[in-house]
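The structure appears below as structure tokens.
Each value in this text was obtained by applying a stated rule to the coordinates, not by laboratory testing. Since we're looking at a predicted model, the values are computed, not measured. Quick reminder, even Gly has a Cβ in these numbers, built from the backbone with ideal geometry, and neighbours come from all protein chains shown.
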């Protein structure tokens, strides 16, 4: 029997999805599960999207241009300009989800063995995309004590070697919800210039910035156009995760020419969903105002509920729809599995993402979980009751209290 | 300015799509182009597909299971059993097009540096997927004289080294239209067993076998379940190229467990299109009968028209909707570009795929092109008139006649 490859063996299982079999089992046993483990919002996809697909009147469902439908790229460029991101349709390749954008960017910009610096905790699937490309992640640890702000730039510089080829961020951040400030991005820029690095930025949550804080894109940084690769997706923006429509954006012509070869190899992104995505750009402003208001209310409820629980701490995020909470537990992987396998309260339980999968440093995140506030407040309330009950009876509960940490932004 | 990666540099441009900019220019100049260059049929997608998407009544366009919608995989397993391919839903991962199925299979089964034997000419994008995985293609040349039948198995065995990890075929073949016989597949099986290799088979054209010839799947080969990886797609079956729905199928549990990690990394295939694909499996039998009849008529017309032209030879294929023709030209890349840049007949021209991109052996295919008979007969007729005229005036026409070859199946 021929063996699977080394990559196939070392490729990490998604910490977000690896618990799925346990969840499937729990559901089959009749238990209700509150899914806070995955960034799958319950928010309705805009009608403009759905209607456009229904009315597309497609007779032959053809491939599109490998870079995406031209009119869609044109409208995307107009959309970006509203965020003061000035890109032409030629600077955009429509991808099959943000996932493909990240994967192509890794393959195009980095060689096997190259090093990529990422502040941790980071989007767990970065591990998979770097594994495919043979790239080594060098993590720089951000901490829950100061809400996962950008670590001191000196910590980044310490990680730089002759193999360092880029820095990657997610802004606002999945999994922390942290929104980078202009000052933080300017610091990254200095490093990018000094060492001539790529700066990859996953900005799929740009619509979701709260408390009137300013969203700053890496595309706003002056004079480093050739270093910037922007990664985007409509999954969260339009609550259209299943559309699998993203984008890879850069003004670096070599990067785009090379990315285009990868795009051509897989022929095209899905056609119907591109039609929907183009139409969704015409969604009324009220759509986002309503969605944003909803997320803010959920965040406020969730963070407050978490911080009320004994031994729990959760900094208040300013963007996206995630937060990371410290829990009084021995091992977040065990705890999350136990929630699905062995716990129920009124025949209900909840699914969380162990934070270990978001760290590259071994041992980090063992007493942290990521929560996605993608459920309505009623369900969130029920989920928080479940969590509180679960923490009371979990056999691996620790007595270590979070109060030993210096907490600046606990609610 | 940071440099693109080695892979980004050496990744071959798709021979099918690299002429697109010249085609775009010709269209902007007002010329009509007959597209015989790409497997994009003009056949209508089944109404069952389109209607299912319209009536899906989706409120939140969610991710699906990373392996694909469960009910779809269940129906796929029933579909395969009609072809005597006995697989369970767990043996199937729904992918984003056949492209992703191939890419994941390469990454899961082969290490960088491993060798993969493929009879050439082969689907050009195999070059891209092996490039991404760092895999080396060892071609075994099939020849136009005998219609691109499987080369002698001794030629395969000659290519085997300590690095050989698999053999890949496409059946019926893109780009040749050749349909492998049971005997040929049994020969491959012997080699697979002898050297414990993976046998990858791209069978996306199984519905399109002509002249009452039998379709044999690698899944029909007994006793090598752990060696077989089947790659599939609905793009051609349901003329739904833009759906980007394929499948990776294997009974090798290790392969599937590893493939699942890659599938989870990219979250899920497109949701709406999976709904359509599931419904399309209920398309009436008449749909395929009609489509098949149409393809046979086109093939018969095309092959006859080509073989009538002076210096042209095209073996008659038994499957898929492609053929490879020998043309009296110096260089098929130049010729195909010239057709778009410099030729017109009644303000029309045609786009072909240079066969060079389908060979790994340097210099092979320089006087061959691939034609996809994906246009209606009226357009095919016009395209053949264009081609005949073009061959008369092409500056690089050669006098070398094909009649020097031993031709067994010229019409």
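In nanometres and ascending order, the distances from the residue A:213 label point to those of the other copies are 6.4 (point 7 Å from Cα along Cα→Cβ). Find every distance from the label point of residue A:347 to the corresponding label point in the other copies (7 Å from Cα along Cα→Cβ) and write them in nm, one decimal, shortest first. So the label point of residue A:347 gives 7.1 nm to the other copies. Here the stretch B:309-378 and the stretch B:145-214 have alpha carbon centers that stand 24 Å from each other.
Rounded to the nearest 10 degrees, the angle from helix B:332-341 to the longest Cα principal axis of chain B is 70 degrees. Under 20 Å from a label point set 7 Å out along the Cα-to-Cβ vector of residue B:161, the amide N atoms of the stretch A:1-16 belong to A:3, A:5-6. Pick from B:149, B:320, B:52: which residue has the top mean-square fluctuation in a GNM of chain B where Cα pairs under 10 Å get a spring? Fluctuation is largest for B:52.
If you take the Cα centroid of the stretch B:6-60 and the Cα centroid of the stretch A:124-140, the two points sit 32 Å apart. Each other copy holds its own label point for residue A:3; taking that point as 7 Å from Cα along Cα to Cβ, the gaps run 3.3 nm, nearest first. Simple spin-label model, 7 Å along Cα-to-Cβ: residue A:253 to residue A:393 in nm? It works out to 6.6 nm between the two label points.
Assuming R0 = 45 Å, can you tell me the calculated FRET efficiency for the pair residue B:301 and residue A:74, based on Cβ-Cβ distance, to the nearest 0.05?
Details: r = 39 Å, r/R0 = 0.87.
After rounding, the FRET efficiency stands at 0.70.
For the pair residue A:310 and residue A:347 in one chain, pulling the backbone fully straight at 0.36 nm per residue adds 11.0 nm over the alpha carbon distance. Is the stretch A:88-176 rounded, prolate or oblate when judged by the Cα gyration tensor, a ≥ b ≥ c being the square roots of its eigenvalues, rounded requiring a/c under 1.5 and prolate requiring a/b larger than b/c? Taking the square roots of the gyration eigenvalues as a ≥ b ≥ c, the stretch A:88-176 is oblate.
Note on chain A: with a GNM built from Cα contacts shorter than 10 Å, the maximum mean-square fluctuation among A:265, A:390, A:360 falls on A:265. Compared with the dominant Cα axis of chain A, that is its longest principal axis, helix A:70-82 is turned about 60°.
Taking a ≥ b ≥ c as the square roots of the eigenvalues of the Cα gyration tensor of the stretch A:1-80, is the shape rounded (a/c under 1.5), prolate (a/b larger than b/c) or oblate? Before the final figure, lay out each step's value.
On the way: a/c = 2.32, a/b = 1.47, b/c = 1.58.
In terms of gyration-tensor shape, oblate.
Normalised by the number of residues in the stretch B:47-280, the average gap of Cα pairs under 8 Å and 6 or more apart makes the relative contact order 30 percent.
Roughly how tilted is helix A:285-308, in degrees to the nearest 10 and between 0 and 90, from the longest Cα axis of chain A? Around 30 degrees separate the two axes.
Every Cα-Cα pair in chain A was counted, and those over 30 Å apart are 42% of them.
Over the protein assembly as shown, the Kirkwood radius and the radius of gyration, each from Cα atoms, give a ratio Rg/Rh of 0.98.
Structural descriptor for the stretch B:228-297: relative contact order 26 percent, calculated from alpha carbon pairs under 8 angstrom and at least 6 residues apart.
Could you tell me which of rounded, prolate or oblate describes the stretch B:270-411, using a ≥ b ≥ c as the square roots of the eigenvalues of the alpha-carbon gyration tensor, with rounded for a/c under 1.5 and, failing that, prolate when a/b is larger than b/c and oblate otherwise? Judged from the Cα gyration tensor, the stretch B:270-411 comes out prolate (a/c at least 1.5, a/b above b/c).
Convex hull volume of the Cα atoms in the stretch B:47-280, per residue, in Å³? So the per-residue hull volume is 118 Å³. When the Gaussian network model of chain A links Cα atoms closer than 10 Å, the mean-square fluctuations of A:342, A:268, A:99 top out at A:342.
So what is the relative contact order for chain A, in percent, with contacts set as C-alpha pairs under 8 Å and at least six apart?
Relative CO of chain A lands at 25 percent.
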